[in-house]
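None of the figures in this text is laboratory data; all of them are computed from the coordinates on show. Note that the structure is a prediction, hence the values are computed from the model and not measured. Methodologically, a virtual Cβ is constructed for each residue, glycine included, from the backbone with ideal geometry; neighbour enumeration extends over all protein chains shown.
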Amino acid sequence: MDMRLIGVAILLAATALLVILEVAKRAYVQRLTQLLEQADAKAYLALLDKPLVKFIFPAWNRCFMQLNGYLALDAYSQADAVIERMLGMRQNAKQRHELVGKAFNYYLERGNEAGATKLLAEIETWDDEDAITEARMMHDIYIKKGWGYIGDMERRLPTLSGIDRGFLELLLALQYENKGDHAASERYLKRSERDMAAPMAKASQGR
């Protein structure tokens, strides 16, 4: 057989395979998204373990999706293991920032001082002053139990609404709890729940 014909045949076969894999990848992404929206994290994780899914998705991406599934199940020991594995993986700068940001917030919420402090040190090497400032503030509130941002946050509240306002109210609730003012903490916590729930309720009504 003519070598040129063999080359063309190989090229066509490779192109067809790439098309098939891309179609399969999109179908799996759609199915995985549906399972998360349906809060069926167990089926979501089971699908991620299928051989074809392992073949289609790069290891880093699949691990990141696994992490989302474990967090949805509150399976913290598994989430810890995935984060540790991913932190040791080869990854590009964008992936590293995304992972470190997610892991840092997870460690803060879990009260993991060692993990959060280690990742804060990495964030402080980034060329992003806003991210560094925010990370230091969050570490101070969640880990060091500080309350030095109350005045500034309360002045900013009237300019915010919806989820942004609810998140700031949550940080105020945490700080008042750190300060020992449980009544103020409870008040801001209730406001936070209300302001965060409102946009979600509107979104569900619009479907």
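For the reader, a short list of remarks on this structure follows.
- Segment GLU37-ILE132, extension gain: residue separation times 0.36 nm, minus the distance between their alpha carbons: 31.0 nm
- Virtual spin-label span in nm between ALA75 and ASN61, 7 Å along Cα→Cβ: 2.1
- Residues of region 76-94 with amide N under 15 Å of the 7 Å Cα→Cβ point at THR125: 87-94
- Spacing of the two label points (7 Å from each Cα toward its C-beta) at VAL29 and LYS190, in nm: 4.4
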